[in-house]
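Enquirer: Dumping the structure here so I can ask a few things about it.
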Amino acid sequence: MIYSKGKEYICLLDYAMDFIRGKWRAVLLCHLYDEPKRFLELQRITTGISQKVLNENLKELINDELVTKKIYAQIPPKVEYYLTDRGYALTKIIKEIETWSIKHYSHLLE
């Protein structure tokens with residue numbers, strides 16, 4: 001057993017999967033893969049996510065050290081979200097799963 005952050009995990013795979021569990025985490029990581037994004041841009045391209053849920057997920061990704069945010073000292077304030085090296089490495093794996101899904105299930109696209 002593995003214990004981390006007050007949770008119990010069966011194995012390291014179970015622990016690793018916790019980083020992308022949930023409806024939005026993997027999607028947000030993929031949106032940040034090519035370039036940093038601002039909060040409203042992420043909300044716009046992540047159809048169906050509320051401001052509250054986006055904010056919560058970004059905080060979790062930051063706490064997990066997968067995403068970082070840069071605050072620019074300007075008026076109005078500008079904040080951009082970036083993948084960390086750890087987040088980039090994980091997102092490469094998620095992109096491989098996306099490629100597999102496209103190869104085998106593209107017929108389901110409308």
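Enquirer: Which of the residues that make up region 37-71 are free of Cβ contacts under 8 Å to residues at least 24 places away in the same chain and either more than 24 Å from Ala16 (Cα to Cα) or touching a Gly at 6+ places or on another chain (Cβ under 7 Å) (or both)?
Expert: Scanning region 37-71 gives Leu40, Glu41, Gln43, Arg44, Ile45, Thr47, Gly48, Ser50, Gln51, Lys52, Ile71.
Enquirer: Please go through region 49-63 and give me each residue that is acidic (Asp, Glu) and under 20 Å from Asp85 (Cβ atoms), ordered by number.
Expert: Looking only at region 49-63, we keep the residues that are acidic (Asp, Glu), and these are 56, 60.
Of everything in region 49-63, just one residue is acidic (Asp, Glu) and under 20 Å from Asp85 (Cβ atoms), namely Glu60.
Listed here are the residues, each with its yes/no results for (1) touching a Cys at 6+ places or on another chain (Cβ under 9 Å); (2) on the phi > 0 side of the Ramachandran plot; (3) at pLDDT 95 or above; (4) not hydroxyl-bearing (Ser, Thr, Tyr).
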residue	(1), (2), (3), (4)
Ile10	no, no, no, yes
Asp18	no, no, no, yes
Ala26	no, no, yes, yes
Pro36	no, no, yes, yes
Gly48	no, yes, no, yes
Val53	no, no, yes, yes
Glu56	no, no, yes, yes
Glu65	no, yes, yes, yes
Tyr81	no, no, yes, no
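The values are calculated or read from the model by the stated rules, or taken from the named source; none is laboratory data. On a predicted model such as this, the values are computed, not experimentally measured, just so you know. All Cβ positions, glycine included, derive from the backbone under ideal geometry; neighbour counts span all protein chains shown.
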